[in-house]
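What follows is a single structure, written as structure tokens, with notes after it.
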Amino acid sequence: MNLRDKRVVQVIALNPVIGELFGKAGLTQVATPTLILAGTADTLTPALSQQLRPFTQLPTPKYLITAIGGTHLSVGDPNLNQLLAQSDLVRERQGMAVEPLRQLVRGVSLAFIQQLTPNAKAYAPFLTPSYAQSLSTPDLPLRLSTNLPLGLLNLEAALR
């Protein structure tokens, strides 16, 4: 099945449900630059199965923002998500504690989009691990990667 739409030139997916939606190797056919956000404390879309493993299938160019301790609604508008964040079933991190994550997503998203324009070089510094590190806090470490360490995937296999 061909799901390609030539109008889609880039993809930004925040805490997506991917898993094995397209089969075990379904994302290997994606020919569109992709940016994914994963929160390691996301109980709605667990990072390992829904973002990290699928990210390894994507060909380049690809970027992964990882919020260590980030939850599903951490990146959302705090004014819109207040009621959802008050659930007793799912603990959400919001407010000023996750503002660095929202700032990182804004900066990286803009830089990612600009990569298809003549301004690509000017925005390239915002697509680096050091930019993510500059916004990282002890309570919410932030990472930006273009690939995952092999040790992470080996750890996952050992846990199965």
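Miscellaneous remarks
Condition check ((1) at pLDDT 85 or above; (2) crowded, with 17+ Cβ neighbours inside 10 Å; (3) in contact with a helix residue (DSSP H, G or I) (Cβ under 8 Å, 6 or more places away or on another chain)) across all residues:
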{"residue": "Pro54", "(1), (2), (3)": "yes, yes, yes"}
{"residue": "Thr66", "(1), (2), (3)": "yes, yes, yes"}
{"residue": "Leu80", "(1), (2), (3)": "no, no, no"}
{"residue": "Leu83", "(1), (2), (3)": "no, no, no"}
{"residue": "Gly95", "(1), (2), (3)": "no, no, no"}
{"residue": "Val98", "(1), (2), (3)": "yes, yes, no"}
{"residue": "Ser130", "(1), (2), (3)": "yes, no, no"}
{"residue": "Leu152", "(1), (2), (3)": "no, no, yes"}
{"residue": "Leu159", "(1), (2), (3)": "no, no, no"}
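- Answer from Val90, Val8, Val75, Val105 - the residue that is part of a loop (DSSP other than H, G, I, E, B), at pLDDT 90 or above and of a type in the set (A, V, I, L, M): Val8
- Every residue from segment 141-150 that is farther than 17 Å from Pro61 by Cα and at pLDDT below 95: Leu150
- Selected residue (criterion: nearest to Gly70 (Cα to Cα)) from residues of segment 102-128 that are touching a helix residue (DSSP H, G or I) at 6+ places or on another chain (Cβ under 9 Å) and touching a residue at least 60 places away in the same chain (Cβ under 8 Å): Val108
- Boolean, Leu27 is surrounded by fewer than 19 Cβ atoms within 10 Å (Cβ to Cβ), modelled with pLDDT under 90, touching a Leu at 6+ places or on another chain (Cβ under 9 Å) and in a helix (DSSP H, G or I): no
The values are calculated or read from the model by the stated rules, or taken from the named source; none is laboratory data. Since the model is a prediction, treat every value here as computed from it, not as a measurement. For neighbour counting, all protein chains shown are included, and Cβ atoms are generated from backbone atoms with ideal geometry for every residue, glycine included.
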